[in-house]
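Only one structure is covered here, and it is reproduced in the block below.
Throughout, read-outs are computed from the coordinates displayed, never taken from laboratory work. What you see is a predicted model, and the numbers here were worked out from it, not measured in a lab. Glycine gets a Cβ as well: all are built from the backbone with ideal geometry, and neighbour counts include every protein chain shown.
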Amino acid sequence: MLVLENVHTHYGKIEALHGVSVEVKKGEIVSLIGANGAGKTTLLMTVCGTPQATSGRVILEGRDITREPTAQIMRSGIAIVPEGRRIFSGLTVEENLHMGGFFNTKAEIRKSQDHVYELFPRLKERENQRAGTMSGGEQQMLAIGRALMSKPRMIILDEPSLGLAPIVIKQIFEIIGHLRDEGITVFLVEQNAHQALNLADRGYVLETGKIRLHDTGKNLLANPEVQNAYLGG
Ligand code: ATP
């Protein structure tokens, strides 16, 4: 579904990704874990074309998107839930969802919205509430719901558990598992290595802009190196 081949990405003269290769197969949940500053967000944003890879290739469903503009990539069945949610806090829940269905017809928006409300009854209850007044967990649900409005075949999530209470994190990870059950391919970036690897079919460990390890989620959880560096021993 998504392949990164030997991707290098720079910010000016500084190289943030040093030849990264990652594959996400259709129907999988793949988790990318790594410390602060390892380059996780850079990797995701490179998939979205901002910044573009300076060398290497990004292939989405067999198409080379390395040099495509972000707007075009975002219309290719891929949706991103950015770090920090980036919802429109002054808009209501419903208005935020409509922003996610920007490219769709009214009938499609209605259908997607009903589906999002089925997945997240809490959002339906709060349909007319301003998003900025909701809890962090509800805002994260809204950010995921908004991404689903475009009916993506693949969803990319950047640290969805950041700043949330353990019980809410559990709910969010359950929802992500449910997305896979619905046939959506998931690429998940997390610092919460335990939950992310537990849920994942396969995982990658990114260290200072390089893939250090990749294996099944289960094997990575059992790997002493991962346990020492990311799971508190
Ligand atoms: P975090 O979890 O803290 O977001 P991360 O793993 O997502 O970390 P990145 O944000 O991708 O890491 O950062 C990777 C490296 O690139 C870091 O050294 C960072 O300082 C640098 N970097 C990120 N964004 C920019 C930018 N816009 N301009 C210059 N350097 C940047």
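Quick notes on this structure:
- Over region 152-214, the pair-distance histogram of Cα-Cα distances with 5 Å bins from zero comes to 4, 16, 28, 26, 16, 9, 1 percent, rounded to whole numbers.
- Options N104, L32, G183, ranked by Cα towards positive dipole end of the chain, top entry (Cβ charges): N104
- Sparse packing (at most 16 other Cβ atoms within 10 Å of the Cβ) combined with a DSSP loop state is found for the following chymotrypsin sites (Phe, Trp or Tyr not before Pro) in region 89-178: F102, F103.
- All-pairs Cα distance distribution in region 1-67, expressed in whole percent, bin size 5 Å: 4, 18, 30, 27, 15, 5, 1, 0
- Taking the chain and dividing mean pair separation by its residue count, relative contact order in percent (alpha carbons under 8 Å, at least six apart): 27
- For the chain, a Gaussian network of Cα nodes joined below 10 Å ranks R126, R180, R85 by mean-square fluctuation, and the top entry is R126.
- For region 144-233, the relative contact order is 22 percent, taking Cα pairs closer than 8 Å that sit 6 or more residues apart in sequence and dividing their mean separation by the residue count.
- Inter-part distance where region 35-80 and region 155-184 are each reduced to a Cα centre, Å: 21
- Estimated FRET transfer efficiency when R0 is 22 angstrom, pair D181-F102 (beta carbons, to 0.05): 0.25
- Range in the chain, longest, excluding exposed GluC sites (Glu not before Pro) [loop by DSSP; at most 13 other beta-carbon atoms within 10 Å]: 1-126
- As a calculated quantity, the FRET efficiency between H115 and S55 at R0 = 45 Å, using C-beta atoms, amounts to about 0.70.
- Inter-label distance for E174 and N198, nm, one decimal - labels placed 7 Å from Cα along Cα-to-Cβ: 1.3
- Amide N of region 167-192 lying under 13 Å from the label point, which is placed 7 angstrom from the Cα of S135 along Cα→Cβ: 167-172
- Only lysine pairs 8 or more places apart or on separate chains count here, and in region 116-233 those with Cα atoms under 26 Å apart total 5.
- With helices as the sole contributors, the chain gives -10500 deg cm²/dmol at 222 nm; each DSSP H run of n ≥ 4 counts as -39500 (n - 2.57), and the sum is divided by every residue.
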